[in-house]
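The values are calculated or read from the model by the stated rules, or taken from the named source; none is laboratory data. In this text, all values refer to a predicted model and were calculated from it rather than measured experimentally. Neighbour counts are summed over all protein chains in view; Cβ atoms, including those assigned to glycine, are modelled from backbone coordinates with ideal geometry.
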Amino acid sequence: MARRSTKTPPPEDFEEKILDIDVVDEMQGSFLEYAYSVIYSRALPDARDGMKPVHRRIVYQMNEMGLRPDRGYVKCARVVGEVMGKLHPHGDASIYDAMVRMAQPFSMRLPLVDGHGNFGSLGNDDPPAAMRYTECRMADATSLMTESIDEDTVDFESNYDGQEREPVTLPAAYPNLLVNGASGIAVGMATNMPPHNLGEVVAAARHLIKHPGADLETLMRFVPGPDLPTGGRIVGLTGIKDAYEKGRGTFKIRSTATVEDVSARRKGLVITELPFSVGPEKVIAKIKDLVSAKKLQGIADVKDLTDRAHGLRLVIEVKNGFVPEAVLEQLYKLTPMEETFGINNVALVDGQPLTLGLKELLEVYLDHRFTVVRRRSEFRRTKRRDRLHLVEGLLVALIDIDEVIRLIRSSDNSAQAKERLIERFSLSDIQTQYILDTPLRRLTRFDRIELESERDRLNGEIDELTGILESDAELRKLVSSELAAVAKKFGTPRRTVLLESASSSVASVPLEVADDPCRVLLSSTGLLARTVNGEPLEGGDGKRVKHDVIVSAVPATARGDIGAVTSTGRLLRIAVIDLPQLPDTASAPSLSGGAPVAEFLALEGDEELVCLTTLDESSPGLALGTLQGVVKRVVPDYPSNKDELEVISLKEGDRIVGGAELRTGEEDLVFITSDAQLLRYPAAQVRPQGRPAGGMAGIKLTEGASVISFTAVDPAVDGVVFTVTGSHGTLDDSVRTAKLTPFDQYPRKGRATGGVRCHRFLKGEDMLVLAWAGASPARAATKAGAPVELPEPDPRRDGSGTPFTKAVESLAGPAH
């Protein structure tokens, strides 16, 4: 079965016409129409109000909806729907994207939309919520953009379907294009304008109003450069001057960074401001990629601590051994922490895209503002003249109100009454109709007084508006004063710092810390630190400060290692570069800036750090003394591939009570026991042993006694012995007496002998609870590290002490 054709045949009088068109001409014409549409209706801002059509339509429609700052929020979807349905012939996504940007304080220097909800984050790391979840209303400054729009200040045109009217431009009470900037890509051209400070731009505009012939250099005194919402630092001002002069230029934006102590062990870079449109996630991802590719060194960790209370805070921990300032320079070069901004001041002037400098941008805006104020003044004068005309007619009627009432009552109809009133009082048609429409209750003596007052006020306002319209100087003065009021209300301090040059003071500083000599110190309170140089700390002024008792000090280099000897016989390796560096405190050496031992060593149970030692295998060795009287000189053999070594084999229940690295091998080893015996003999009497050995007899102990102090003393220097007695083995209420005795009062004895008495007990005393022998002057401290003054020296080696109730916890000598 054949299918029936559904094609409608042409009419009989139809005449087919075919036009031959060159495809090149057709493509050119169509492309030009498309390009003009994109340029004029989508991508480029108007130089007068600084807005693209989509932004202008959003602001205008929000004003029409009454979404003012003092009203409640409404769903963004509602605003988008109104704009799309009435004014904007494009999709809802483009409208909402534009609205989101207008609400972001990190995108706009003076936001135009007051958003409620998630409107995204810096760098779009966290995208905004859908428009059905967010709410909005006009921001405080947005009302200035539409102020007096209903007073015939701007032209209106038909919308895309001819059913609505929309403004060609907004009145714009401030230079929005310069304040908030703009970006857009058209066909064959693009615009990219940075935000500026409102107060600075207004100051420049007011100066240009007063001095129309001002040059660029003068204007740049008011507007020295962009002021970005995210702050940061602009380095190099040459490109900015080029942009202000010719409309094109480039400048670099750097993050704001400071070097801080981010932990007890490390310094770090704290970033509080990033370049415009760069988010922290982008920076973190780039840093991680560079570290993985081994193109960036010195980064230990990156943390994003940004919150609403403190704002942006990106913490970049720097590895020990690297100079933070040099690492920062590497970050500027390799990551988005330094970005280049290309200024391209392309905007529409009378519908034509032009590249404008700073002065031209201000001139176009001011010409627009003069026109707006002139049209507003003309509109207001007309309104007041119309009102004055009605008031004067009503006053004429009130003068002879009885006659007016008689004429109206005697008339057959309102038309006759109007004609008779016009003829009798020489009134206009409008005045007569107003009199007829006025209720009798308003025709009292009091209303007459009010009308006369209103007439005088209207005459004054008309004269003032006439003066503005007839005097260019008055017009300029009014525009300038209105701009000043806007700047006073909405102006904020500058956020972006302008730097003349991008040169860095640390450009010649090496990335890694030099392997300079230093000294590593251990305080009595368990703090570790390293000094700036390798010189001994003298503290010659005699002042005491907290944490100034240094129980161990060894020479080292900044990138070297040292050993830490614990009470269980372990030697743990510590990288010197990991230790915090102290400032020069030679006048009062203190480890207040040090870090606790626990930051560097994992100690077990009641294990304690006894002393520090170099890992120099050419030294005379390490001398150790134990609780049970064992002494050992350790052969300096420290394999570099091991971080933990055993330096003595201890018997059960034994532990190391003291240790010191021998410098010359000529030192004397000194034991002090709990029963007040002191034994001194040359270190040469102790044969060096390998690390696994258990040592040899150091001192002969009586029953129940134990070693409480072991030190190495150079006999060539002045030394002292300090002892504190007590009972029951405590240091608090049981403290009885203390004694400070010259070291040379104690003779040398043989190794493994009992020594000599160093303190005679008084009644109630049965043991020494604290003792120390070393170079003078001796220093004592409490458990918290506070200094404690010692008694005067007593030359009697076996004498009794003087009353001493200070809670002494530790003793030491100079930090050599």
Considering only residues that are outside any loop (DSSP other than H, G, I, E, B) and of a type outside the set (Asp, Glu), which ones fall in the range 731-756? Thr737, Ala738, Lys739, Leu740, Thr741, Pro742, Phe743, Gln745, Val756
Among the numbered criteria (1) modelled with pLDDT of 90 or more; (2) crowded, with 19+ Cβ neighbours inside 10 Å; (3) aliphatic (A, V, I, L, M), which single criterion is violated by Ala529? (1)
Within the set of pairs 6 or more residues apart or between chains, which connect a residue that is aliphatic (A, V, I, L, M) inside the range 271-286 to a residue that is surrounded by fewer than 23 Cβ atoms within 10 Å (Cβ to Cβ) and assigned to a loop (DSSP other than H, G, I, E, B) with Cβ atoms less than 9 Å apart? Ile271/Leu312; Ile271/Arg313; Leu274/Gly231; Leu274/Leu312; Leu274/Pro336; Val278/Pro336; Val283/Thr335; Val283/Pro336
Tell me whether the range 451-465 contains one or more residues that are without any contact (Cβ under 8 Å) to a residue 60 or more places away in the chain and of a type in the set (Gly, Ala, Ser). yes
Return yes when Ser505 is farther than 19 Å from Val202 by Cα, polar (S, T, N, Q), modelled with pLDDT under 80 and in contact with a strand residue (DSSP E or B) (Cβ under 8 Å, 6 or more places away or on another chain) and no when it is not. no
Mind checking which strands (runs of 3 or more DSSP E) fall wholly inside the range 266-374 and carry at least 3 residues that are surrounded by fewer than 19 Cβ atoms within 10 Å (Cβ to Cβ) and of a type in the set (Lys, Arg)? none
Of all the residues that make up the range 610-663, how many are assigned to a loop (DSSP other than H, G, I, E, B) and not aliphatic (A, V, I, L, M)? 23
Sole exception among (1) in contact (Cβ under 8 Å) with a residue 24 or more places away in the chain; (2) in contact with an Asp or Glu (Cβ under 6 Å, 6 or more places away or on another chain); (3) not basic (Lys, Arg) for Asp301, by number: (1)
Here are some residues: Ala676, Ala602, Ala660. Which one is surrounded by fewer than 22 Cβ atoms within 10 Å (Cβ to Cβ) and among the hydrophobic types (A, V, I, L, M, F, W, C)? Ala602
For the range 189-198, name all the residues that are surrounded by fewer than 19 Cβ atoms within 10 Å (Cβ to Cβ) and under 17 Å from Leu366 (Cβ atoms). none
Name every residue in the range 431-464 that is touching a helix residue (DSSP H, G or I) at 6+ places or on another chain (Cβ under 7 Å) and of a type in the set (Val, Ile, Thr), in order of residue number. Thr432, Ile435, Thr438, Ile462
For Arg165, the lone unmet condition from (1) assigned by TED's automatic domain parsing to the domain that holds Pro89; (2) closer than 19 Å to Thr492 by Cβ; (3) of a type outside the set (A, V, I, L, M) is (2)
Any chance Leu314 is touching a helix residue (DSSP H, G or I) at 6+ places or on another chain (Cβ under 9 Å), of a type in the set (A, V, I, L, M, F, W, C) and modelled with pLDDT of 90 or more: yes
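Given the residues Asp289, Asp304, Asp242, Asp261, which is the only one that is more than 30 Å from Glu599 (Cα to Cα) and among the charged types (D, E, K, R)?
Every option except Asp242 fails the conditions.
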Could you list all residues from the range 56-75 that are crowded, with 20+ Cβ neighbours inside 10 Å and more than 13 Å from Met138 (Cβ to Cβ)? Arg56, Arg57
In the range 757-809, residue modelled with the lowest pLDDT [restricted to those that are in a loop (DSSP other than H, G, I, E, B), within 30 Å of Lys700 (Cα to Cα) and among the hydroxyl-bearing types (Ser, Thr, Tyr)]: Ser776
Note on the range 687-724: residues touching a helix residue (DSSP H, G or I) at 6+ places or on another chain (Cβ under 9 Å) and surrounded by 17 or more Cβ atoms within 10 Å (Cβ to Cβ) are Ala712, Val713, Gly719, Val720, Val721
